[in-house]
Each structure stands twice: as structure tokens, then as C-alpha cells.
Amino acid sequence: MIPIQEQIVDKLKNFSEIELQEILNFADFLLWQRRKQEVASPPEETGNSKPANMDEECEVHYVGGVLVVKAALRKNQELINWDTIIPDMREERIGKFI
């Protein structure tokens, strides 16, 4: 095992089962995202890879255990405040049930 893997394993011993499940879900997401990128845009001979259409690229954020996928054109990017998106989404969801 390489040193970084040993450090990760040591730190994982301090988490609860629920936290470990969340970490596992995040690791699965990272692997899925990597596979998706490799399929969507295989690396060129130089090793560089670039999405086919930069204007329609999806941005993915993992914030506080919440996976947020931004599926909008870049020209709309300034409309989204990433600092408050999670509380805003929670507030909106709670409002639907009240």
C-alpha cells in the first residue's frame, strides 16, 4: 500500500458507519465521473482531454454531503450563487411541504 493510502485508511478508522457510507458514496461518484469523462472525451496523444462542447459542460459540486449538478449554459453561471445554493435549495424544498 502506498503512504497516502495508509494515511486514508488510518483516518477512516475514526468515522462512524454513516459517515463511512457517505465517504464510499463520494468515492463511487468520483470514479463514475472519471469513467464518464474518459468515455465522453478520450485523451489525445498528448494526454490532454477537453470536453466536446465547453458551453454545455456540466459542473458538479459535492458540498456538505450534497451532490449539486449544475446543468446550465455558462452564460447563466453568474445567476447561481454557489455560496448559498445548498441552503436555498433546502429552504425551497421545505417550503413545498409547508
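Could you count how many residues in region 88-98 are part of a helix (DSSP H, G or I) and loosely packed, with under 10 Cβ neighbours inside 10 Å?
Total satisfying the criteria: 6.
Within region 1-58, which residues are in a loop (DSSP other than H, G, I, E, B), modelled with pLDDT under 85 and exposed (fewer than 12 other Cβ atoms within 10 Å of the Cβ)?
Listed by number, the residues that qualify are Met1, Pro42, Pro43, Glu44, Glu45, Thr46, Gly47, Asn48, Lys50, Ala52, Asn53, Cys58.
List, please: which pairs have Cβ atoms under 9 Å, are six or more places apart or on different chains, and start with a residue in region 14-39 that is farther than 21 Å from Val60 by Cα and end with one that is part of a helix (DSSP H, G or I) and of a type in the set (Asp, Glu)?
Matching pairs, first to second residue: Phe15/Glu22.
The values are calculated or read from the model by the stated rules, or taken from the named source; none is laboratory data. Treat the numbers as computed from the prediction; the structure is a model and nothing was measured. Heads up, the Cβs are rebuilt from the backbone with ideal geometry, glycines too, and the neighbour counts pull from every protein chain shown.
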